[in-house]
Each structure stands twice: as structure tokens, then as C-alpha cells.
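Here's the structure, in C-alpha cells; my notes come after.
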Amino acid sequence: MKQAPADVVVSDMRMPGMDGAALFQKLSETHPEAVRIILSGYADEESVFRTIGPAHQYIAKPCDSKSLTNG
């Protein structure tokens, strides 16, 4: 984000080294203006609750492209 700022960030929940909730927590502090969307097929209750606050929206996989482009 420092090198290439973005208006919207879409991230999976499960990633090596850091999950989407942790990424979005950092982004909410460093780039609060960026819209943050979790797109994930990994939907255990604890993980979903951890995205509340740092993420603006949680979209479950699979999803069609219209879910991302038309809100």
C-alpha cells in the first residue's frame, strides 16, 4: 500500500504468515480510507468474528463476479 495505494483491498482469510483479519487490522490503522473486503471459503465462527471491525464486508466463496462489482 505504501508503494501502490489502493481504494479497495480484497483478501482471502487464509494466507501464509498473516491472515486476512490481521492484514486488515494493520491496514485499518495505516490506510483507514481503503475499503477492506474479506473473500474466503474458510468460515469458522471465530475467524469471521475477527474480521468485524477491520473488514468492511465478508463475502463467502464461492461467489460470482457480480458480488464484487455490484455490491
Along the positive direction of the dipole of the chain (beta-carbon charges: Lys, Arg +1; Asp, Glu -1; about the Cα centre), which of Ser47, Pro16, Gln3 reaches farthest?
-> Gln3
Excluding residues fewer than 8 places away in the same chain, name every one of the aspartates and glutamates whose C-alpha is closer than 12 Å to that of Lys61.
-> Asp12
Size of the dipole of the chain about the Cα centre, Lys and Arg at +1 and Asp and Glu at -1 on the beta carbon, nothing else charged, in debye to 20?
-> 160 debye
Of every hundred units of 1.4 Å-probe accessible area on the chain, the number belonging to carbon and sulfur atoms, as a percent, is 54 percent
How high is the relative contact order of the chain, in percent, with contacts defined as C-alpha pairs under 8 Å that are six or more residues apart?
-> 31 percent
Among Pro54, Pro32, Pro16, which one moves the most in a GNM of the chain with springs linking Cα atoms closer than 10 Å?
-> Pro16
For Lys2, which lysines qualify as cross-link partners when the Cα separation must be under 26 Å and same-chain residues fewer than eight apart are set aside?
-> Lys26
List the extent of the Cα atoms of the chain along each of their three principal axes, largest first, rounded to whole Å.
-> 30, 27, 21
In the neighborhood of Leu39, defined by Cβ-to-Cβ distances under 14 Å, what is the net charge if each Lys or Arg adds +1 and each Asp or Glu adds -1?
-> +1
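The values are calculated or read from the model by the stated rules, or taken from the named source; none is laboratory data. Only a predicted model underlies this, so the values are computations on that prediction, with no experimental measurement involved. In this analysis, Cβ positions are derived from the backbone assuming ideal geometry, glycine residues included, and neighbour counts consider all displayed protein chains. Please note that ligands, DNA and RNA were not included when accessible areas were found on the heavy atoms of the full protein model with its side chains. Shrake-Rupley method; radii C 1.70, N 1.55, O 1.52, S 1.80 Å.
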